[in-house]
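S.K.: Dropping the structure in here first, questions after.
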């Protein structure tokens with residue numbers, strides 16, 4: 001059953017504890033800007049950085065359960 005749950009989470013882009021790596025693109029499950037994972041600390045918080053609409057770099061830590069992998073191709077948006 002646990003394997004099936006991990007499969008479903010992967011299909012929906014959801015992150016489980018320990019399933020995100022530095023440099024991956026993520027978004028809040030509720031939406032928002034695409035962020036880059038900067039660090040995952042020892043308690044499981046995912047530290048992310050992103051650029052706001054004014055161009056200012058923002059940084060914050062989130063619980064992995066609040067994030068999902070970004071589906072959009074960020075390179076196409078800026079360079080395509």
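The values are calculated or read from the model by the stated rules, or taken from the named source; none is laboratory data. All values derive from a computational prediction rather than experimental measurement. So basically every Cβ, Gly included, is an ideal-geometry build from the backbone, and we count neighbours across all protein chains shown.
S.K.: Cβ contacts < 6 Å: first residue under 12 Å from residue 34 (Cα atoms), restricted to the range 58-74; second residue modelled with pLDDT under 95 and loosely packed, with under 11 Cβ neighbours inside 10 Å, any location; separation 6+ or different chain. Result?
M.R.: 58/52
S.K.: Is it true that residue 14 is in contact with a strand residue (DSSP E or B) (Cβ under 8 Å, 6 or more places away or on another chain), surrounded by 10 or more Cβ atoms within 10 Å (Cβ to Cβ) and modelled with pLDDT of 90 or more?
M.R.: In short, no.
Okay, residues lined up against (1) more than 20 Å from residue 71 (Cα to Cα); (2) assigned to a loop (DSSP other than H, G, I, E, B); (3) within 11 Å of the chain's Cα centre (by Cα); (4) at pLDDT 90 or above:
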| site | (1), (2), (3), (4) |
| --- | --- |
| 6 | no, no, no, no |
| 21 | no, yes, yes, no |
| 27 | no, no, yes, yes |
| 36 | no, no, yes, yes |
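S.K.: Here is a follow-up. Residues in the range 50-68 that are surrounded by 13 or more Cβ atoms within 10 Å (Cβ to Cβ) and assigned to a strand (DSSP E or B): how many?
M.R.: Counting residues in the range 50-68 that are surrounded by 13 or more Cβ atoms within 10 Å (Cβ to Cβ) and assigned to a strand (DSSP E or B) gives 6.
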